[in-house]
Structure formats: structure tokens, C-alpha cells
Amino acid sequence: MNLNTKGLLPEHMEHRGKLTLKENLKIVENILEQRKIPEVGIDEEHIKLLLRLLSFMDTDKDPNVIQIGEREARVYTKLQRDSVFDFCHGVGRSGNLTDPQPKAPGASAMYKLTNKILESFLKFLGLKVNAIATPVATGMSLALCLSASRKKYGSNVVIYPYASHKSPIKATSFIGMRMRLVETVLEGHIVKVDVGEIEDAIKREIKDKNNPVVLSTLTFFPPRKSDDVVEISKICEDYNIPHIINGAYAIQNFYYIDKLKKALKYRVDAIVSSSDKNLFTPIGGGIIYTKDESFLKEISLTYPGRASSNPVVNILISLLAIGSRNYISLMKEQKTCKKLLDDLLEDLAGKKGEILLQVENPISSCITTKKDPLDVAGKLYNLRITGPRGVRKNDHFGTCYLKEYPYNYIVVNSAIGVKKEDIYMVVEKLSSVL
Ligand SMILES: *Cc1c(COP(=O)(O)O)cnc(C)c1O
């Protein structure tokens, strides 16, 4: 940038001023130079400057442009432009989400940069994968993966170890595939799906001349245990079956990351995580990652049309603003809070004659209740606590168990971003209503 300040101020001051300016611009230049998550987060003003400069590259910012297309990013208010950080042309081309958009060189560079920084972040956490930020949340991102699996492998049935989240179930019906549920079993307090049953389901579908794809779940509420994604990956490799993992909030805890790392040695076609649950963005974005670069490309090809740049920019902002060092301390805090939660719930359970359910889970805990759990959750809501889930033992959807679960219970979460004060408060309130 050539800023001519000559003669506007004394020369030694001009040098001093230019030096400061240069240092500030250097911060922005470094982001584009390194294309990695910064160790220490970058402040908002520099992020804003980066976004401003990139969005100035889009053709709708050309002061002399002549616009005669039917879609020229004509936006009525600044309020609307602000909502997409001035990347009014969005991202992607109609045929491929990740292709550069000729009308939007800046947004195209921004998207590519986001994906590179995202990859560096996942690599930093130990996952050597290719990744894309998606402009849709987890459920729709899973739908993209399933659609790519159908396109590439002719998949026509989704084998789903039963986990009661509506997003993956609707993702399957949305793309019009049949779902074959694999039922859960009870083992102590744990609700889980036997890997052998998944293998049987695969065998049966193959015998019937179908092409199954397995959709496993890594992150879930207790008492439903995580699917054994490592064993499932091995089986999928043996049978040459595509395997998609729903890891909605997997990135925030090494318990999950280690499982993904191991699973990635075998058959994993794609892993989906939520941008809001892991990266502190508003809801609306997803992250898809895999070692299989060509499958990732297939996924980006299934997305119909262009997309809003907003979810992608939000992911970029989070990665730049948080930085790898702070993300690690947030992960540590999450872990400490989970330990605190378990200790306090154990104590509370002792006092109330309840049980802290013994289910291995790095984020969520479960305490039984003799009261109506829906009533307990309702009272907590009125006490201005959001998040706890009350589940009745005969709620087959809630428990993920088709027979009667032995207890009514309340699920409490200690997810990334939670603070010790929150944990103390929720257990105190829980104590008053349990
Ligand atoms: C949060 C979550 C989803 C979420 O889906 P969205 O489409 O992002 O709302 C899906 N599956 C599981 C297991 C989740 O925890």
C-alpha cells in the first residue's frame, strides 16, 4: 500500500508512524503467509482488516464495475452486508462448493484460507486430515457425506447403530436413503451397540445385494456410550464399506480425538463435527474432515448451489481469534470442570440416595432421580438453567434403549467453554429440585 504522508508531518515522525503501520499490516500479512492457526489469538481489529481487504477483492466492490448478471450481490442495506462480513457473493459455484467463484476472488481466497487454517488446527490436535468448513450444521453436513457416498459407492442403505438424535436420522430421510437401525443393548448402566451386530447388519445387507454405508456416532449423551469407531472402521475396511462418523462435539476433548486418530488408520470416509459446539461460532456451520481427499471433493460436489459466506467466515474468525494455545487451555478447563461435575454429582447422589451413572463419557454426566425427570428439567429451566436433559426410563427415544431403562435420570454437560462457577451453580440448583 502506498500511503503518501510526505510533507504532512515531520520526517522522523513519518518514519515512526510508518513503522507502526507496517507492524500492524504485518499481522495481517502473516495470516496469509502462514495459513496456519496462530499460536496466540489475533485481535478483532486485525481480523476485521484481513476480512475487509479480502472482501475488497470481490467484483461487487469494483468502483467501475458494470453489473448485468441476474445475481450481482446487490444488497439493500449495510446491515445485510455486515451479516456476511461484506462477502456478498457468498462462497462456491453452483457445481462445487469449494470451486473459486469468478465474481468473488476475495471470498474464494477467504474460503480456501479457512480450510487451510482448519486443517492446520486439526493437525495441531493430532489429526492429519483434509478438511472443509461447510455452510450448514452437523445434520445437513452428514446428509452431504451420505449423498457423496451414494454417488461414489452406490450406497443405498444407511446402517445406523441407534442413537437418538434426530439430525442424523433426518439427514438419512432427507437424501432418501433407507435406514437400518442396529439396536442397543444394556450393560450395567451403559446403553451401547455391539460391534458384532453392526457386522451382522452389513453382512445381511450385502447378502441382499445392497450397498450399505455405516453412520456411527462418536459423541453422545450417556447412558448411550460412544460407538466403538475403531472397531467399526476395521470392519468397514474388511468389508470395503464406506464409514461416516458423527463426531458432533469430538474436537474439544482428546478422549474423542484419540479414538478418531486410531479409527483413521482404517476405513473412515468422513468425520463431521459442529462448528458451534467446538469452535464457539453461532450455529450454522459444520466441519467435515477425512484422509480421503477425493471423497472430500465428492462431498463438496454434492452441495447444491452457492452458499452464504457467513458460517465459513465465522469459523475463520474463531480459529484466528482463539489461537491454538488458548484452545488447549479451554480444553483443559473443560476437563477440569467435568471432573468437578462428577465429584459434586457423586456427593449429591450420596445425599439424595441417587446414583451417578457409570458411563464413560468425557463431557456429560448422568444422575438418577426418583422424581419425574421432565419435571426436574422443567424446574431447572425456570431457575434459568439451560442444558440439562430429563429422561424417563420408558422414553425409548431419550434413552436410546428399546426396553425399559432401569432409572429415570438427568443429563448434565460440561462442554468446552463451561466455567467452574456454572458447575457449582447447576449442582446447587439441582440439589434444590432433585
Ligand atoms: C449436536 C448434534 C447433532 C447436531 O446437529 P445440528 O444439525 O448441528 O443441529 C447431531 N448429532 C449429535 C450426536 C449431536 O450431538
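The values are calculated or read from the model by the stated rules, or taken from the named source; none is laboratory data. Please read all numbers here as calculations on a predicted model, not as lab measurements. Note that we place each Cβ from the backbone using ideal geometry, even for glycine, and neighbour counts take in every protein chain shown. Note: accessible area is taken over every heavy atom of the protein model, side chains too, but ligands, DNA and RNA are not part of it. Shrake-Rupley method; radii C 1.70, N 1.55, O 1.52, S 1.80 Å.
DSSP assigns beta bridges within the chain; of those with both partners inside it, close to 60 percent run antiparallel. Run the accessible area of segment 331-433 with a 1.4 Å probe and give the carbon-and-sulfur part as a rounded percent. C and S atoms contribute 51 percent here.
How big is the antiparallel share of DSSP beta bridges in segment 44-192, given as a percent to the nearest 5? Around 45 percent of the beta bridges assigned by DSSP in segment 44-192 are antiparallel ones. Taking the chain as a Gaussian network, Cα atoms linked when under 10 Å apart, which of E70, E421, E231 shows the biggest mean-square fluctuation? Highest fluctuation of the listed residues: E70.
Out of every Cα-Cα pair that segment 1-104 contains, those further apart than 15 angstrom amount to 73 percent. Amide H neighbours of V185 under 5 Å, counting only residues 5+ apart in sequence or on other chains, H built in-plane at 1.01 Å? Counting only residues 5 or more places away or on other chains, the set is K192, V193, D194. For the residue pairs K371/K429; K123/K265; K152/K234; K351/K429; K78/K277; K203/K234, the alpha carbons lie more than 18 Å apart in K152/K234; K78/K277. Straight-line reach from K103: which aspartates and glutamates have Cα under 17 Å away, leaving out those fewer than 8 places along the same chain? Candidates past the 8-residue exclusion: D58, D60, D62, E70, E72, D86.
For the chain, the membrane-span-like helix rule (DSSP H, alpha carbon extent of at least 27 Å along the helix axis, mean Kyte-Doolittle at least 0.0) picks out 105-124, 310-352; this says nothing about an actual membrane. For the Cα trace of the chain, dividing Rg by the Kirkwood Rh returns an Rg/Rh value of 1.03. Packing here is the average count of other Cβ atoms within 10 Å per residue, and on that basis the peptides 337-345, 200-208, highest first, run 337-345, 200-208.
Checked against a 27 Å cut-off, the cross-linked pairs K166/K420; K18/K48; K112/K170; K262/K339; K36/K166 give Cα-Cα distances beyond that limit for K166/K420; K112/K170; K36/K166. The packing ranking, built from the mean of other Cβ atoms within 10 Å per residue, places the peptides 79-87, 408-416 in the order 408-416, 79-87, highest first. Segment 370-434 and segment 76-119 have Cα centres spaced 40 Å apart. Considering only beta bridges that DSSP places wholly inside segment 185-248, some 40 percent are antiparallel. Placing unit charges on each Cβ (+1 for Lys and Arg, -1 for Asp and Glu) gives segment 331-433 a dipole about its Cα centre, and among G378, F397, A415 the Cα reaching farthest toward its positive end belongs to G378.
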